Amino acid sequence: MTLKSGVAHWGSLAKFFHWTVVLLLLVQGTLGLIMVNLPKKPNVIPLFTFHKSLGLTILLFAILRLLWRAFDRRPQEPASMPRSQVVGARIGHALLYTLLFAVPLSGWLFDSASSLRPLFWWNVVQIPSLTGGKDDAIKAFAENAHEWLFWSLFLVAAGHAAAALVHHFFNRDDVLRRMLPGRRTSVDRIG
Ligand code: HEM
Ligand code: HEM
């Protein structure tokens, strides 16, 4: 297992970022959908506080992941993949990265514009307000944006996961295998 990615495999750090973010997003999305449907009583505040800290953690992971990607290489697509599919996959990945930033940023903007109480990351680090105080117009915009951006992320990620499964079960190439934890690709085994 190597930290850096190669021509035909993803490195362990890229895999760690990918699967940790998938897991955190599953918890975060489920929690978000549950908490907004609970009766607005004081006992739901800790859930919102947890959601905000976890959301900021996902944003931090997105930043670290892109920073690492700037130093790392990315494996080549299989030679059998048509150009149109390569371009489609690249556009999909760019969209996923954009949404990974846009979803938590819109949540942060909503929190700032609501100006209910100071925002803390895991009760320790105080996070600055993006609006400098209450702003009802931004609040309404950000609340809508947060929900729609989340559903966009959900749809693009579902399409992305389906594409990975098509690679594995129909094209029978290494695209999924080389992203799975601890696995080596057939190219690595030969090499
Ligand atoms: C990738 C990270 C995030 C995901 C996937 C996510 C997901 C969600 C979802 C699915 C909802 C329910 C939307 C609805 O049905 O109305 C929600 C609501 C909410 N989120 Fe996030 N969220 C993230 C990050 C954040 C961050 C960083 C903050 C604040 C710092 C935040 C603050 C909120 C708040 C305050 C609500 C309640 C909105 C309302 O009352 O209508 N979220 N989030
Ligand atoms: C919320 C869910 C997900 C997000 C946000 C996400 C995001 C991404 C991104 C941004 C990349 C591009 C990596 C890069 O070029 O730097 C990627 C690659 C990849 N993802 Fe996901 N992913 C998600 C879920 C999944 C799932 C469920 C699967 C498997 C079923 C999967 C399989 C893959 C594979 C195989 C690659 C490598 C593609 C290649 O080698 O060209 N992803 N993912």
Which of the peptides 119-126, 140-147 is most tightly packed, and how do the rest follow, going by the mean number of other Cβ atoms within 10 Å of each residue?
140-147, 119-126
Please state the Cα pair-distance histogram of the chain with 10 angstrom bins from zero: what percent is in each bin?
8, 31, 31, 18, 10, 2, 0
Which trypsin sites (Lys or Arg not before Pro) in segment 95-191 pass both tests, a DSSP loop state and at most 13 other beta-carbon atoms within 10 Å?
K134, R172
If you take the square roots of the eigenvalues of the alpha-carbon gyration tensor of segment 116-157 and sort them as a ≥ b ≥ c, do you get rounded (a/c under 1.5), prolate (a/b over b/c) or oblate?
oblate
Out of the trypsin sites (Lys or Arg not before Pro) in segment 2-86, which ones are loop residues according to DSSP with at most 14 other C-beta atoms within 10 Å?
K4, K40, R73
Non-local amide H neighbours of L119 (under 5 Å, H modeled in plane, Pro and chain starts lacking H): which ones?
I127
Extension reserve of the W19-T49 stretch, reckoned as 0.36 nm per residue once the Cα distance is removed:
8.4 nm
Using alpha carbons only, how many angstrom separate the centre of segment 13-65 from the centre of segment 118-161?
11
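Coordinate-derived values only; no laboratory data. In this text the structure is predicted, and so the values were computed from the model without any measurement. A quick note on method: Cβ atoms are made from the backbone with ideal geometry, for glycine too, and the neighbour counts reach across all protein chains shown.
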